[in-house]
């Protein structure tokens, strides 16, 4: 085993634990608002933490392992594509912005579904949303979980089972005891680790490659396509790359794990600060992480498996102890995504399904027990599934991201800004989004040369508008709203 | 029933959401224009800035700097502080 790499990772885990225990104090002290504290951190996030938790939740294994691996193969065209994510840094907070913060306080909403419930007053909207969140995010979470275990496995030489166990225990403990506050604070630490790791590795790669000009020369000699925007074989079209602005830029407004953060901040100052910090951080990390993937090519040619590019290049260009610190970054990225998803799925089960429809008058202690219990059970369930992931899970995860965007983007955005929108429109929009996405994904992917998510988002928009306008209770809904 | 239309905070919120849409359109045009405007030439004719292909430098590196500065300016000078609480209600 490579102890020089393992020790920084262990130190990182200990810090994360410490934050979890510290956060759990807040849960004990806030007796009257347990749910709001556990699932939303008591709406007290400041600007820096808010920016970090948004980036860290959003930046997952794909930004640190998968993305750089593809950039290694595709060249600068993939870095260009990844830069569509800069928009997430400001777009989500500006669009949901103050209106969402005010409305969610007025409705006393703790989850995205609370907001939809008060806005549309429809049992079916609530149940369908809860169902989508539980199914899709559970799969997404399991996939990240597997990624985390594989990363530990490849770095330390521990078996997959052992690695999975370490990963599961670390995440579960701090999420179960600490709730949202622990998730947000550890996200902040993880965000800083991601930022620092990116910077260190970028510098080391440029030095190892003999300077930027030298690296770009090397790429051009190997294959001139690598330095064009069109990918190594010229197949990345402008249309396809641009359509990623919908998937990873604008559409992110519809992701529940992101929207819930837009109701967690303390005041408008925190939001303003997060806008600036978030844009700079997410841009910096995305740009440089993917550049590292491209720059790694002349230094370490011939890597077959994309996911191995990041770990291999870090071990190649850095001393072992520093590589350990840098490789805590993808670890941090995975953990910070998993923790948020775990808590969100748990809140859907406890708050949106159990408290809404099964036992609305549950006592305080019962709710508290349920929250801890459900979070823990979900975690254990993910662990068991990750031992031998079933095909269905892999399949669901493939379109968790796009499916959720297509389902939620219009009920949330138009729910905020279009008072005529009603429950029929919202339900039609969600059904259209998910069904068309599933069908297109399987039978007609990348329609018109764009990413599959584009058409469902357009269709669900049309469905929302048309059905809202056609149905009777449009006027009453407007008054009610 | 409270009437939302009378809440002055929503005017501010709506304006800021529109600024967000404007910003993302600007961002996209900048990104697309430099990348495909300068990058569609043959690689032999590329010029370089700081060792990077010029299309990439202007589209992605400079683009990020421009967007960061723009977001900073807009937030600082055009975004308004509002209270999120209902009137007469204390935050816990």
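The helix-only estimate of mean residue ellipticity at 222 nm for the protein assembly as shown, built from DSSP H runs of length n ≥ 4 each weighted as -39500 (n - 2.57), is -23500 deg cm²/dmol after division by the residue total.
For residue A:303 and residue A:3, the difference between the fully extended length at 0.36 nm per residue and the C-alpha to C-alpha distance is 105.5 nm. With a simple spin-label model that places each label point 7 Å from the Cα along the Cα-to-Cβ direction, the separation between residue A:357 and residue A:320 comes to 5.5 nm.
Roughly how tilted is helix A:160-208, in degrees to the nearest 10 and between 0 and 90, from the longest Cα axis of chain A? Approximately 40 degrees, to the nearest 10.
Between residue B:14 and residue A:471, what's the calculated FRET efficiency when r is the beta-carbon distance and R0 is 25 Å? Round to 0.05. The partial results should precede the final answer.
Values: r = 25 Å, r/R0 = 0.99.
For R0 = 25 Å, the calculated efficiency reads 0.50.
Sorted ascending by nearby beta carbons within 10 Å, beginning with the fewest, A:181, A:43, A:150 become A:150, A:43, A:181. Each of A:290, A:424, A:441 was scored by other Cβ atoms within 10 Å of its Cβ. Arranged with the fewest first, they read A:441, A:424, A:290. Under 14 Å from a point placed 7 Å out from the Cα of residue B:62 along the Cα-to-Cβ direction: which residues of segment B:5-33 have their backbone N that close? Only B:30-33 fall inside the zone, counting backbone N under 14 Å.
What is chain B's relative contact order, in percent, from Cα pairs under 8 angstrom and six or more apart in sequence? Walk me through the intermediate numbers first.
On the way: 36 pairs, mean separation 23.4, N = 92.
Value for chain B: 25 percent.
Whole Å is fine, so just give me how far the alpha carbon centre of segment A:366-433 lies from that of segment A:209-282. Result: 24 Å between the Cα centres. Residue order for A:357, A:90, A:417, B:46, fewest other beta carbons within 10 angstrom first, comes to A:357, A:417, B:46, A:90. By how many degrees, 0 to 90 and rounded to 10, does the Cα axis of helix A:423-443 deviate from the longest principal axis of chain A? Taking Cα atoms only, the helix is inclined about 30 degrees. For residue A:25 and residue A:235, a Förster radius of 51 Å and the Cβ-Cβ distance give a FRET efficiency of 0.40, rounded to the nearest 0.05. Relative to one another, the C-alpha centroids of segment A:109-166 and segment A:1-27 are positioned 22 Å apart.
Would you mind giving the mean number of other chain beta-carbons within 10 Å of the Cβ of each residue in A:76-82, as a whole number? Could the numbers behind the result be given before it?
Details: counts 8, 3, 0, 5, 11, 1, 1.
For this peptide, the per-residue mean of nearby foreign Cβ atoms is 4.
Could you give log10 I(q)/I(0) at q = 0.11, 0.15 Å⁻¹ for segment A:3-394, computed by the Debye formula over C-alpha point scatterers of equal weight, without solvent? Log10 I(q)/I(0), no solvent term: -0.77, -1.37. For the pair residue A:123 and residue B:49, a Förster radius of 56 Å applied to the C-beta separation gives a FRET efficiency near 0.45, rounded to the nearest 0.05. Between the helical axis of B:63-78 and the longest alpha-carbon principal axis of chain B there is an angle of about 20 degrees.
Would you please classify the overall shape of segment A:1-153 from the alpha carbon gyration tensor, given that a ≥ b ≥ c denote the square roots of the eigenvalues, rounded means a/c under 1.5, and beyond that prolate means a/b larger than b/c while oblate covers the rest? Numbers along the way, then the final one.
Numbers: a/c = 1.90, a/b = 1.34, b/c = 1.42.
Note, shape of segment A:1-153 comes out oblate.
Taking every alpha-carbon pair under 8 Å whose residues sit at least 6 apart, chain A reaches a relative contact order of 31 percent.
Laboratory data are not the source of any read-out in this text; all were calculated from the coordinates shown. Note that the structure is predicted; figures quoted are calculated from it, not measured. Counting neighbours? That spans all protein chains shown, and the Cβs are built from the backbone with ideal geometry, glycine included.
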